[in-house]
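These notes are about the structure you will find just below.
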Amino acid sequence: MDIQHYMKQLGEQARAASRLMAKADTNTKNQALRNIAALIRQHEKALLAANQQDLDAAKANGMEAAMLDRLALSEKSVATMAEGLEQIASLPDPIGEMSNFKYRPSGIQIGQMRVPLGVIGIIYEARPNVTVDAAGLCIKSGNACILRGGSEAIHCNQALAKLVHQGLQQAGLPQAAVLVVETTDRAAVGELITMKQYVDVIVPRGGKGLIERISNDARIPVIKHLDGNCHVYVDDEADLDKALRILENSKTQRLGTCNTAESLLVARSIANTALPKLAEMLTSKGIEIRGCDETRALVPQAIAATEEDYYTEYLAAIISCKVVSGVDEAIEHINQHSSQHTEAIVTENYTKARQFLREVDSSSVMVNASTRFADGFEYGFGAEIGISTDKLHARGPVGLEGLTSLKYVVLGDGHVRA
């Protein structure tokens, strides 16, 4: 296959489809989403069979457990994909929304209109649900997209693509609004991230190596986060029962996600009583603890943490732990070591909670809640295209509004400039 020619064809098709999608009305887009959701439910067994093909190949190739977890689908996750599309359909359509109108002294009115970005290139590893999440959000926001999933999910992604195309066609929308790259050749990625005449923005989802490569090589704006080194800080005025529940969920519900807690901070004045109980819970769940000297003195099973540990997104049954003097040192430690993804404080002190929210420089900051809530579905977006730790355009889970831009509109009645 001539990869350059193939990708150029996809770019041309997507650009043409994006112009049609930008004109599509809300009812038509919603109908397409509901069609796709119904087809996913109808073809659940076929999707699970395609996913099993991918899983069998991945296991044979020695894929690590965290990646296998991301790759796997279940009846529940198939249902969640369909539910996510239906939730997107129920959300207000941002396209065409006009706001912020003001009269100028000249008599004209100036405001803003929300418009699609155009063509969005999405590059991701494992996680076949990204195919559906991305398609759904791009359809509702009036964009076209080119999806390049990992080779490890090729069978499931292709099966999902057929259902998406069928749902679009049934609604009278162009199938090219959602294009899934059919080749596993890595050269396709290199082409996609440099086709600035066809693609308006790139969204990479995957490991740090993939995202660094995309960020370094792309000639198109990138919405990204490199990793998810998320923290839970247990304050000296924390409810310990809440802390145990929140830490357990943050760290152990799923090990391989970017919103999983990778570091635990505990206030020194309660460390003697709180830390052994927190450590016992973690150890019972098979989590290895890497801690500071104070942690190791209180938790015999902990091993020594290096400075690098406090920067690390493990995506594994490991957590770093540090005893800190209080909320000020916790905030300082987080702002130095975190990846600006998601951080949580457990405290009953309103003032400290407000300070933590204000001073922690991350895309999601939580009080008395698990870091696992940092997710587009949980935030009510229906789904997410990814999580951005950038500070420009979009930050945090990127839903419908993150896939749009604003243009200025001017209303006059024969006005001319003096």
For Val416, project a label point 7 Å along Cα to C-beta. Then give me every residue of region 81-113 with its amide nitrogen under 20 Å of that point.
104-109
When all protein chains stay in place, what accessible area (Å², nearest 10, 1.4 Å probe) is found for Val416?
130
Modelled FRET efficiency - R0 45 Å, Ala60 with Phe101, Cβ distances, 0.05 increments:
0.15
Here the gain from full extension of Ala49 to His393, 0.36 nm per residue of separation minus their alpha-carbon distance, amounts to 120.0 nm
Going 7 Å from the Cα of Thr26 along its beta-carbon direction, which residues of region 65-100 have the amide nitrogen within less than 12 Å of the resulting point?
89-98
In the chain, which helices (entire DSSP H runs) extend 18 Å or more along their own long axis, judged by Cα positions, while averaging at least 0.0 on the Kyte-Doolittle scale?
268-284
Just to confirm my understanding: which cysteines in the chain have no other cysteine beta carbon less than 4.7 Å from their beta carbon?
Cys156, Cys230, Cys258, Cys292, Cys321
Suppose R0 equals 25 Å. What FRET efficiency, 1/(1 + (r/R0)^6) with r the Cβ-Cβ distance, do Val409 and Tyr379 give to the nearest 0.05?
0.30
Under a point spin-label approximation (7 Å from Cα along Cα-to-Cβ), what is the Asp217-Gln301 distance to one decimal in nm?
4.3
From largest accessible area down, sort Leu73, Leu192; use a 1.4 Å probe on the protein chains.
Leu73, Leu192
Choice from Lys224, Lys76, Lys59 showing the highest fluctuation, given a GNM over the chain with Cα pairs closer than 10 Å:
Lys76
The list (1) 72, 66, 38; (2) 107, 48, 37; (3) 83, 49, 40 gives values of Cα extents along the principal axes in Å, and only one came from this structure; which label was calculated from it?
(1)
For region 81-109 and region 327-356, write down the distance between their C-alpha centroids in whole Å.
34
Using a 1.4 Å probe on the protein heavy atoms, what percent of the accessible area of the chain belongs to carbon and sulfur?
48
Would you grab the residues whose amide H sits under 5 Å from the one on Val201? Only those 5+ places off in sequence or on another chain, please, with H modelled 1.01 Å from N.
Val119, Gly121
As a test of reading the structure, rank Glu329, Glu64 by solvent-accessible area (1.4 Å probe, protein chains only), most first.
Glu64, Glu329
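The values are calculated or read from the model by the stated rules, or taken from the named source; none is laboratory data. Source: prediction; values computed, not measured. In this analysis, Cβ positions are derived from the backbone assuming ideal geometry, glycine residues included, and neighbour counts consider all displayed protein chains. Surface areas here come from the heavy atoms of the whole protein model, side chains and all, with no ligands, DNA or RNA. Shrake-Rupley method; radii C 1.70, N 1.55, O 1.52, S 1.80 Å.
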